[in-house]
Amino acid sequence: MENIGSFIDMIFVTAKAWILALLGQFLPVWIVVLASIVISGVAILCLGPVIMMYLTLLERKVIGRIQNRYGPNRVGIWGLLQPIADGIKMFTKEDIVPANADKLIHLLAPIMTVVPALMIFVVVPFGRQMTAADLNIGFLYFIAVSSITILPIFMASWSSRNKYSLLGGMRTAAQLISYEVPMTLAAVPAIMMSQSLSTNTIVLTQAGSFGLNWFIFTPWGIVGFIVFFLCATAECNRPPFDLPEAESELVAGFHTEYSGMKFALFYMAEYMNAFTLCGIAATLFLGGWQGPFLPSWVWFFGKTLALICIMIWFRGTFPRFRVDHLMAFAWKFLLPLTLVNILLTALWQFTSASAAWLFSIMILAAMLYMLVKLNRVFVPEKRNYVLAD
Amino acid sequence: MIFGAGVFKGMMVTLKNFLTSYYRDRDNGGIFTVQYPEEREKLAENYRNLPFLVYDGAPDQIRCVACGICERECPPKCIHIEMATDAAGKPARKPAVFDIDYSLCMNCGICEEVCPFDSIYMDHTFEITSQAGPRSLIRGKEALARSNDYFRKIRPAMAAAVDQKRKTAEDKKKAAATPPPPQEIK
């Protein structure tokens with residue numbers, strides 16, 4: 001029983017090691033090293049698009065159920081072949097480039113959006129020993145690479161020569177830069193407690209007994225998680241933070257002038273970003289692949305999918321933010337909250353357990369009360385113009 | 001009131017919708033979709049679509065007498081009637097040609113209302129699409145003929161009323177034809 005459990009847990013790692021051992025029989029060492037990289041790379045390159053395809057289906061199904069409809073159910077059983085049909089449709093569409101567009105940048109932008117989205121997969125710990133590259137600066141790498149996504153989006157909006165595109169691009173730049181600040185700061189407590197930037201080490205510190213010592217079970221963890229998750233939702237342009245592609249205001253925002261496979265690439269990047277951001281959120285606060293009984297990769301994918309379902313739930317529920325509300329939420333609410341949260345984490349570390357709970361909850365309550373009071377909308381008193389009548 | 005309570009309230013509403021869509025029926029918060037080709041909504045009895053001609057008995061015995069009232073009243077002029085002639089060249093009380101252009105018909109039902117011979121009624125069929133172009137939607141007399149049983153099936157209340165009316169009219173006619181029994185003179 002124990003053996004079967006650990007075998008299923010390590011099945012992918014064992015498979016890779018077996019292939020490499022087989023190659024090592026009759027090939028020089030440097031080719032084996034190269035093969036190791038290629039195997040991980042190919043696994044990620046296949047995983048990314050497949051995840052994207054089935055996330056679109058999941059999203060359409062769940063949103064449909066929320067709106068009391070079935071969602072796609074015609075192609076294949078339960079509509080399981082729908083993503084493939086969509087893919088064929090996208091490939092056969094005409095590729096339209098605006099006459100006055102900057103042709104080279106217009107072509108480069110969708111390609112460049114997909115690259116960072118795929119690069120983030122490298123540091124996501126999918127399971128025990130299943131990080132493609134266990135960088136010791138894993139989280140820093142994630143922040144750096146995910147911030148590149150602004151650039152191709154802005155390239156797309158600028159090169160399209162379309163006012164809607166440009167407005168969408170401007171909004172994207174403003175929104176993504178704003179939300180990156182609280183997102184990074186929200187993750188700082190997790191890094192402080194695990195004393196490492198490596199995503200694998202962050203997961204390992206959350207082991208405890210039964211693998212249930214997750215950071216979310218502490219006051220700073222839950223605050224950090226909520227802030228990080230909200231920022232992650234904003235980072236991948238998902239509702240209610242979908243101002244860059246607000247269809248009712250901007251046609252489609254930055255990808256207005258894109259069609260066919262280029263458009264599909266933007267979508268692919270968006271969904272892969274959603275997946276990796278949820279994966280990183282699960283890694284930082286929900287214990288990554290830690291968990292009792294089930295294989296580690298099942299835990300990881302379960303947690304990530306649960307977070308994605310919450311994102312879809314958000315989309316089915318909330319209307320879009322107004323631009324000034326969006327900015328105010330990031331700078332005036334989330335940012336101070338994360339700063340206090342970092343302080344709280346330090347207190348938690350250096351005080352005894354019960355006192356720590358008391359302190360944390362008091363400080364958090366006071367902070368929330370203060371932030372709500374400070375963020376209150378100022379409504380001027382109604383004035384009577386005596387001389388007007 | 002806790003700050004942000006409205007957010008959770010909204011999320012609970014959508015969660016409830018999501019969950020009830022799996023086990024409730026459509027009138028109690030379940031799924032609204034009718035999976036059209038496999039499932040169909042029951043049409044209301046007074047649903048009206050393209051017209052058809054009613055016959056009693058054999059399909060060539062349509063009730064229509066080619067009076068041409070519907071042809072004149074039809075707003076988009078989609079009905080075309082030519083009266084048949086008998087061997088002597090005298091007009092017979094039935095149509096030689098009765099064409100309705102379904103591509104032109106606007107489903108108003110005026111023909112049904114003006115017909116004094118209860119012969120033209122609106123049908124319940126709507127799946128008449130064809131790839132052969134609008135010409136293929138011109139229906140002749142034979143294609144338009146439907147039995148009275150069919151009429152009773154799709155619109156039972158209306159058909160019963162019409163049958164009743166025709167029966168009384170016939171009875172009256174019979175009564176008029178046979179001389180009344182001599183009354184006793186006191």
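Here are a few things to note about the model shown:
- A full extension of the chain between A:Ile148 and A:Leu34 corresponds to an added length of 38.3 nm, given 0.36 nm per residue minus the alpha carbon distance.
- Loop-located chymotrypsin sites (Phe, Trp or Tyr not before Pro) in the range B:1-99 (DSSP state other than H, G, I, E, B) with a sparse environment of at most 16 neighbouring Cβ atoms within 10 Å: B:Phe3, B:Phe32, B:Tyr47.
- Shape category assigned to the range A:308-389 from the gyration tensor of Cα positions, a/c cut at 1.5: oblate
- Pairwise FRET efficiency - B:Ala169 versus B:Cys108, Cβ, R0 = 22 Å, nearest 0.05: 0.25
- Spin-label zone in the range A:364-386 - amide nitrogen under 17 Å from a point set 7 Å from the Cα of A:Leu343 along the C-beta vector: A:364-375
- Residues whose placed amide H lies under 5 Å from that of B:Arg146, excluding near-sequence neighbours: B:Leu53, B:Val54, B:Tyr55
- Karplus-derived 3J(HN,Hα), 6.51/-1.76/1.60, for each residue of the range A:231-247, Hz, glycine and proline x: 5, 5, 4, 5, 5, 9, 6, 9, x, x, 9, 8, 4, x, 10, 4, 5
- Listed residues B:Thr14, B:Thr85, B:Thr125, most fluctuating in chain B (Gaussian network, C-alpha, under 10 Å): B:Thr14
- As a rough footprinting exposure proxy, the listed residues A:Met311, A:Met170 were ranked by other beta carbons within 10 Å of their own, and the order from fewest upward is A:Met170, A:Met311.
- Stretchable slack from B:Lys90 to B:Tyr22, in nm (0.36 nm times residue separation minus alpha-carbon distance): 17.6 nm
- Ignoring lysines fewer than eight residues from A:Lys382 along the same chain, the ones with Cα atoms less than 27 angstrom from its Cα are A:Lys332, A:Lys373.
- Cβ-Cβ FRET estimate between A:Asn136 and A:Asn73, R0 fixed at 30 Å, reported to 0.05: 0.05
- Entries in B:Lys16/B:Lys42; B:Lys90/B:Lys167; B:Lys141/B:Lys165; B:Lys42/B:Lys153 that, when Cα-Cα distance is taken, lie over 20 Å: B:Lys16/B:Lys42; B:Lys90/B:Lys167; B:Lys141/B:Lys165
- Taking one quarter of the surface of the C-alpha convex hull of the range A:96-374 gives a mean projected area of 14.9 nm².
- What separates the Cα centres of the range A:196-229 and the range B:71-139 is a distance of 77 Å.
- The Cα atoms of the range A:1-122 define a convex hull whose projected area, averaged across directions, is 13.8 nm².
- Computed E for A:Lys382/A:Ile11 - FRET, C-beta separation, R0 60 angstrom, nearest 0.05: 0.30
- In sequence order, calculated HN-Hα J values of the range A:205-219 (Karplus, 6.51, -1.76, 1.60; Hz; x Gly/Pro): 5, 8, 5, x, 7, 6, x, 10, 8, 6, 5, 5, 7, 10, x
- Proximal lysines to A:Lys103, defined as alpha-carbon separation beneath 23 angstrom and excluding residues fewer than eight positions away on the same chain: A:Lys93, A:Lys163, A:Lys262
- Dimensionless Rg ratio for the protein assembly as shown, taking C-alpha atoms and the 2.2 N^0.38 Å reference: 1.47
- Rounded, prolate or oblate (a/c below 1.5 giving rounded, otherwise prolate when a/b exceeds b/c) for the range B:51-169 by Cα gyration tensor: oblate
- Residues A:Lys262, B:Lys94, A:Lys382, B:Lys153 arranged by fewest to most Cβ contacts within 10 Å: A:Lys382, B:Lys153, B:Lys94, A:Lys262
- Cα pair distances of the range A:169-318 binned at 5 Å [whole percent]: 2, 10, 17, 20, 18, 13, 9, 6, 4, 1, 0
- Extension gain (nm, one decimal) between A:Ala306 and A:Leu22, 0.36 nm per residue minus Cα-Cα: 98.5 nm
- 3J(HN,Hα) along the range A:184-201: 5, 5, 5, 7, 4, x, 4, 5, 4, 6, 8, 6, 7, 9, 6, 4, 5, 5 Hz, from the Karplus curve 6.51 cos²θ - 1.76 cosθ + 1.60 with θ = phi - 60°, whole Hz, x for Gly and Pro.
- Counted by neighbouring Cβ atoms within 10 Å, the residues A:Glu270, B:Glu71, B:Glu39 run from fewest to most as B:Glu39, B:Glu71, A:Glu270.
The numbers here are math on the coordinates, done by the rules we state, and not lab data. All figures in this text were calculated on a predicted structure; none of them were measured in a lab. Backbone-built Cβ (ideal geometry, glycine too); neighbour counts: all protein chains shown.
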